[in-house]
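Below you'll find the structure, written out as structure tokens, and then a few comments.
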Amino acid sequence: MTDNLTHLQRLEAESIHIIREAVAEAERPVMLYSIGKDSSALLHLAQKAFYPAKPPFPLLHVDTTWKFKEMYTFRDAIPEKTGMELRVHRNQYCIDNNINPFDHGSAMHTDLWKTEGLKQALQIGKFDLAFGGARRDEEKSRAKERIFSVRSTAQRWDPKAQRPELWKLYNGKLAPGQSLRVFPLSNWTELDVWQYIKLEGIEIVPLYLAAPRPVVNRDGVLIMVDDDRFPLEPGEVPEMLSVRFRTLGCYPLTGAVQSEAMSIDEIVEELLSASTSERQGRVIDHDSSGSMERKRQDGYF
Amino acid sequence: MDESTLAYRRNRETGTNDHSDKDLLRFITCGSVDDGKSTLIGRLLYETQLVYEDTLEQLEADSKRFGTQGDSIDFALLVDGLSAEREQGITIDVAYRYFSTKRRMFIVADTPGHEQYTRNMVTGASTADLALILLDATKGVLTQTRRHSYIVRLLGIKRVVLVVNKFDLTDYSEEVFESIKDSYQTFAEEIGLEEVHYIPVSALLGENLVQRSERTPWYGGPSLLEYLETVEVTNESADLPFRMPVQWVNRSSSDFRGFSGSIVAGRVRPGDRVSVQPSGRGATVKRIVTADGDLPEGVSGQAVTLTFDEELDVSRGDVLAAESEPLLVTDRIQAQLVWMSENEMLPGRPYLMKLGSKTVTISFEPPRYVTNINTLEHLAARTLTLNSIGVCHIAVESPIAFDPYSVCRDTGGFIVIDRLTFETVAAGMIEFGLRRADNIHWQQFEVSNASRSQLMGHGSGVVWMTGLSGAGKSTIANLLERKLYSQGVHTYILDGDNVRHGLNKDLGFTDADRVENIRRVAEVARLMSDAGLVVVVSFISPFQAERNMARSLLPEGKFVEVYVDVPLEVAESRDPKGLYRKARAGQLPHFTGIDSRYEVPENPEVRLDTTKMDPAAAVEQLAEALASLGII
């Protein structure tokens, strides 16, 4: 056995260290579970961190009712597969007012269902620490995010109030009203996550792999028509194309890429020659430059 | 995109698709805004990664809006993140970047070079294997170059690359390069940097960055990226004695009890003898459990769970160590500290220290010296302020197990946490343990506090009255003492004003002096209480941490915190000594309630609301409380 660990072994060990440290310091931890590939990797790491015991916290899905059908199928199988509790929260205000991306726009839809919904869910569960699957390479403003990120009472992120993080030492102490978001995948890149998924045989939602799916073209973005809530133009018929998704979210807000990649190997291959970043498929990012930073200050992940 | 970049990418694309067996190099970049650091990192990212089309479009748009390179792409914008700082044109925090080549994955900690951001550089350096120190070839070795180098040395980074940037502006002159190299080498040896590599580059034009430049034929060394890809990174900590701080006790079932943590040094095998520190009990390792199956050997860098042959009392915060080479154990240490908070260090006040997985209460002695990081001179100081670096003695509440930082980062590096705000206020590196606490033995005498109380005919303790100036502390203290005296109780009053005329007349009113003021009074009160007296302390004592410190000096039940509660407006309207008027006029700085805060007691034994009762009634309530506590 060689003493030098590979970069994936080092990333895995670091994430396990972070997860154990966070759980040891928190009173009521929870893991945000978004059904995506990063969540799958994070959940896998949490299981490894506490093996042979189960992770000592529940999973939380902040639902918008607008996810892909296949995501819900995948999510609903998780409690049985892992033996962990899965809580699902939907913002009642959004249900009552039928908030949706078509009538209210992507920004308001995301703000009310996800940002507000997350705040509600954390408050209801009285969680003082929430794990998230965000990575620093996802977006420029995330490059400075801490691994242990302190939130104020209003769940807001204040770039100036963040604590310096040295060595392997994380400060998990909280003043009254404060809570923590912890990001064990901070140092992973998109490629690392895929290689890890392949190496460890982690299950992912099949939407990440190419298959013929019904799509329409909206302003150059391919949107999958996943159910009959999608307002088609008069006479419009969705086209069957071989597509896959690089990120998963609400189906009307998630752009598909045309692809023949039907295995994880092929995804990695595609990724190495890709010419656009994974966030391009997210309709929400294109509002304006610096938009992620503002959303994060408001409490979005 | 130029030819060399294309060639580089082609090379990369034909390379193996399986990147899962690469290794990892973490490095820090230090340099000022003007050294072209962001340009250098931006260019490294651009040339090694496939910078995506949408990112590139954004970059072109941003270059026109914010860029400093006219119509050309401003690579610095690839790395400048937050919009606030983008508009200011400077980087204000530590940012982490990721790129990889066929051989290696790189994590870059990008830190700014301003003096006021020492803490960011220290943070970035704490996890780095290697440091890139940038300087401007036209300016040579500057004060800030020395500063960055000193911090790199302080944090124990062994490999340093001096990147002589903007080399195009010196016409690629060998003489300039040699002269910079000579002057830096002298300095590096002076501060103890052993391994320095020198590379002339132009980040702006990409010379010697990815490909070796044709403009510097005399140089003959690798390009920066070649160097980073090939510099040897061995797992040096694997050769140290075994160390694993316990993070978590894993009880998955009644018959499984394992101890989870990250191995930070050395290696461990089933059958090895380990010692649980600081207690020093020994045990034999049975299994090294992971989700991928039991390991025949665990090595530094791995996160594992150990089980033992026998039942063992181990908890979070303990360190498992090679029995033949245990850690040092002490309750007093000397450490280098980097202060990272706007609030200065208060010697004597309790803070928390997190070392490995253990969090303990500590207090600082005034610094032995601080280091001027521009001149490296040692200067006298009474405290540490934001971004200052100094050496302190630290008293630890209970013994800790440690290695000197120079031996092992993860068992010798710690953070300091404020007990009220919980902000991380400092980073520390242990130099050595002090044995003084071991040498002053506590003399045991036969006459005890209990026997003295028997003679006195009553119990003893400290009645600590805290509250704003003008709350009525002195009035109540006076009445209380008269009442106790008439009952035959032996008493003494320690009054804030009176003590300042004698014992504490050398102290002023800064936060640091106030803490020392309280510490001395608390010590005197402890001695008097031990002698058998009921001591009444009448002190504004505005900070909870100091009141807690006073409490910690006394046995359980002997400290009675009395909050003399009054709203600021009422105290100010009473103003018996005319002090509020002076403070409002700006003649009394740091006056509690006006421009210095008063922290309301969290859990006082007694709260006296002086707006609802007169002093006599307050004394009655207080006397009842003392009786029920068994003090009188």
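The values are calculated or read from the model by the stated rules, or taken from the named source; none is laboratory data. Owing to the predicted nature of the structure, the values given are computational and were not obtained by experimental measurement. All Cβ positions, glycine included, derive from the backbone under ideal geometry; neighbour counts span all protein chains shown. Calculation scope for accessible area: heavy atoms of the full protein, side chains included, ligands and nucleic acids excluded. Shrake-Rupley method; radii C 1.70, N 1.55, O 1.52, S 1.80 Å.
Assorted remarks:
- Entirely in segment A:130-226, the strands (runs of 3 or more DSSP E) that have 2 or more residues that are open to solvent by 20 Å² or more (accessible area, probe 1.4 Å): A:211-218, A:221-224
- Check on B:Val246, in a strand (DSSP E or B), open to solvent by less than 20 Å² (accessible area, probe 1.4 Å), in contact with a Phe, Trp or Tyr (Cβ under 8 Å, 6 or more places away or on another chain) and more than 10 Å from chain A (Cβ to nearest Cβ): no
- Residue ID - nearest to the other protein chains (Cβ to nearest Cβ), chosen from residues in segment A:44-62 that are in a helix (DSSP H, G or I) and either open to solvent by 10 Å² or more (accessible area, probe 1.4 Å) or over 29 Å from B:Arg257 (Cβ atoms) (or both): A:Lys48
- The single condition from (1) touching a Cys at 6+ places or on another chain (Cβ under 8 Å); (2) surrounded by fewer than 23 Cβ atoms within 10 Å (Cβ to Cβ); (3) of a type in the set (Phe, Trp, Tyr) that B:Tyr369 fails is (1).
- Of all the numbered requirements in (1) of a type outside the set (Asp, Glu); (2) open to solvent by 10 Å² or more (accessible area, probe 1.4 Å); (3) more than 13 Å from chain A (Cβ to nearest Cβ); (4) touching a residue at least 60 places away in the same chain (Cβ under 8 Å), B:Thr138 misses one, and that requirement is (4).
- The set of residues from segment B:289-303 being without any contact (Cβ under 8 Å) to a residue 60 or more places away in the chain and on the phi > 0 side of the Ramachandran plot comprises just one member, B:Gly293.
- Subset tally (residues that are under 22 Å from B:Leu240 (Cα atoms) and assigned to a loop (DSSP other than H, G, I, E, B)) for segment B:316-327: 7
- Listed by position, the strands (runs of 3 or more DSSP E) inside segment B:267-315 whose residues that are under 25 Å from B:Pro399 (Cα atoms) and open to solvent by 20 Å² or more (accessible area, probe 1.4 Å) number at least 2 are B:281-289.
- Filter result for B:Glu546 (surrounded by 15 or more Cβ atoms within 10 Å (Cβ to Cβ) and at pLDDT 90 or above): no
- Filter result for B:Gly221 (assigned to a strand (DSSP E or B) and among the small types (Gly, Ala, Ser)): no
- Look at (1) within 12 Å of chain B (Cβ to nearest Cβ); (2) touching a residue at least 40 places away in the same chain (Cβ under 8 Å); (3) buried (at least 24 other Cβ atoms within 10 Å of the Cβ) and you find that A:Arg20 fails only one, number (2).
- Exclusive hit being within 30 Å of B:Thr305 (Cβ to Cβ), in contact with a strand residue (DSSP E or B) (Cβ under 9 Å, 6 or more places away or on another chain) and assigned by TED's automatic domain parsing to the domain that holds A:Val30, set A:Lys114, A:Lys54: A:Lys54
- Filtering segment B:328-365 to residues that are in a loop (DSSP other than H, G, I, E, B), under 12 Å from the mean Cα position of the chain (by Cα) and more than 11 Å from every other protein chain (Cβ to nearest Cβ) leaves only B:Met345.
- Of A:Leu112, A:Leu122, A:Leu118, A:Leu32, all but one fail to be aliphatic (A, V, I, L, M) and modelled with pLDDT of 95 or more; the exception is A:Leu32.
- Enumeration of residues in segment B:384-419 that are crowded, with 17+ Cβ neighbours inside 10 Å, within 19 Å of B:Tyr117 (Cα to Cα) and away from chain A (no Cβ under 13 Å): B:Leu384, B:Ser388, B:Ile389, B:Gly390
- Applying the criterion of being part of a helix (DSSP H, G or I) and either touching a residue at least 40 places away in the same chain (Cβ under 8 Å) or outside the structural domain of B:Gly496 (by TED's automatic domain parsing) (or both) to the residues of segment B:580-620, the residue that is farthest from B:Gln544 (Cα to Cα) is B:Ala616.
- The condition (being away from chain A (no Cβ under 14 Å) and at pLDDT below 95) is satisfied by just one residue among B:Phe445, B:Phe422: B:Phe445.
- Filter result for the condition that a residue is surrounded by 14 or more Cβ atoms within 10 Å (Cβ to Cβ), at pLDDT 90 or above, out of contact with any Gly (no Cβ under 8 Å at 6 or more places or on another chain) and over 28 Å from B:Thr421 (Cβ atoms), over B:Leu626, B:Leu622: B:Leu622
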